[in-house]
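Accompanying notes for the structure given below.
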Amino acid sequence: MHEIVIVGSLNMDLVVQVNDMPLPGETIPGGDLQTICGGKGANQAVAAGRIAGKAAMVGRVGNDAFGTRLLESLNHAHVDTAYVSRDTAATGTAVILVDSRGENSIVISPGANGQVTEIDLDAADGVLKNARFVLTQFELPMPVIQALIKRMHSFEGKLILNPAPYRPIAPEFLAMVDFFVPNETEAEKFSGVHVADMDSAQQACRVLLDMGIQNVIVTLGAKGALLANPHGIQHIPGVKVNPVDTTAAGDTFIGAFAAAMVRKFSLEDAVCYANCAGAIAVTRFGAQTSIPAAEEVDALYARQ
Ligand code: RIB
């Protein structure tokens, strides 16, 4: 059985480095095209697998070379791919530009991710029922995400929802979420509070808690994260690093958070540990290529 299960997207990232992002209508030169394993779901699975030593992934890839590479990358990170099926649609892809400041801009072509249905949840029902933490994001069809939220509400395990990229969802589903992990932009969109500083981020947390969410963790990039629940709101500071590429930093944070919870860290310590994992990811290029091993995160965490 698996303590951490990820239901989500698998993408091959088609990445080009640029000095500055192109303006509308502009053509600019870039570096060599690189294909790097990614997808928010698969990135979170790799982070959980590398750090906790074990995880399982539920999703779909195409019957193509990208799909094979993504499965190999997951297996290499100790992720069970028995619940990832091969679809007639092509493997999902993400077209990514990374600028000289490490910021990215991403366009997704969902491919096989868009074919995931409740049938995939039924096939994985046993592992979902027995998981301690189930992670999902917003790169699968919304009916599947809603069905997963409902299903997890009747199971023992906790659901960690990373609402990225932003899409609206009925409040009744948010009220069933155990851990809601948006970034600042997503927190603003879900709460309706303009997040401009720490005070407004805290205000957004209060609105989200009032919707019935058990725990809210707003990731703040270099500033760390806010942890909010009915006991209060805490700022857990980030780790200062020189950014190379922020791609998958949030995914690494979430996978590491789940791994730390399984390792019986307190909530505050798990967020601090996740900050360390995310900070390391930011210093490296690419999605799954940037996700650290447990020993690396442990070492940085010990210095905090
Ligand atoms: O969060 C980063 C990920 O978003 C990339 O790997 C890309 O595939 C998109 O899903």
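The values are calculated or read from the model by the stated rules, or taken from the named source; none is laboratory data. Because the structure is predicted, anything quoted here is derived from the model rather than measured. For neighbour counting, all protein chains shown are included, and Cβ atoms are generated from backbone atoms with ideal geometry for every residue, glycine included.
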Exercise for the section: Check the range 106-127 and report whether any residue there is among the β-branched types (V, I, T), within 26 Å of M1 (Cβ to Cβ), without any contact (Cβ under 8 Å) to a residue 12 or more places away in the chain and more than 16 Å from the ligand (Cβ to nearest atom). Expected result: yes
Exercise for the section: Using the structure shown, decide if V195 is more than 18 Å from the chain's Cα centre (by Cα), crowded, with 21+ Cβ neighbours inside 10 Å and part of a loop (DSSP other than H, G, I, E, B). Expected result: yes
Fill in the blank from the handout: Residue hits (the range 20-35; of a type outside the set (A, V, I, L, M), over 26 Å from the mean Cα position of the chain (by Cα) and more than 21 Å from S73 (Cβ to Cβ)) are P22, P24, G25, E26, T27, P29, G30, G31
Completion exercise
Reported set for the range 36-55 where residues are surrounded by fewer than 24 Cβ atoms within 10 Å (Cβ to Cβ), away from the ligand (no atom under 11 Å from the Cβ) and not basic (K, R) is A52, G53
Fill in the blank from the handout: Counted residues in the range 73-105 being hydroxyl-bearing (S, T, Y) and away from the ligand (no atom under 16 Å from the Cβ) come to 5
Exercise for the section: State the number of residues belonging to the range 148-172 that are surrounded by fewer than 17 Cβ atoms within 10 Å (Cβ to Cβ) and part of a helix (DSSP H, G or I). Expected result: 4
Fill in the blank from the handout: Among helices (runs of 4 or more DSSP H) entirely inside the range 240-304, those with 2 or more residues being of a type in the set (A, V, I, L, M), closer than 22 Å to N11 by Cα and modelled with pLDDT of 95 or more are 249-262, 267-282
Problem - Of all residues making up the range 106-122, the number that are in a strand (DSSP E or B) and either at pLDDT below 95 or among the acidic types (D, E) (or both) - result: 0
Handout entry: Residue count for the range 270-304, restricted to those that are more than 18 Å from V218 (Cβ to Cβ) and either among the hydroxyl-bearing types (S, T, Y) or away from the ligand (no atom under 16 Å from the Cβ) (or both)
Key = 15
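Does G59 fit the bill of being touching a residue at least 12 places away in the same chain (Cβ under 8 Å), surrounded by 24 or more Cβ atoms within 10 Å (Cβ to Cβ) and within 21 Å of I160 (Cβ to Cβ)?
yes
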Exercise for the section: Might you check whether a residue that is at pLDDT 95 or above, in contact with a Lys or Arg (Cβ under 8 Å, 6 or more places away or on another chain) and farther than 22 Å from T252 by Cα occurs anywhere in the range 32-43? Expected result: no
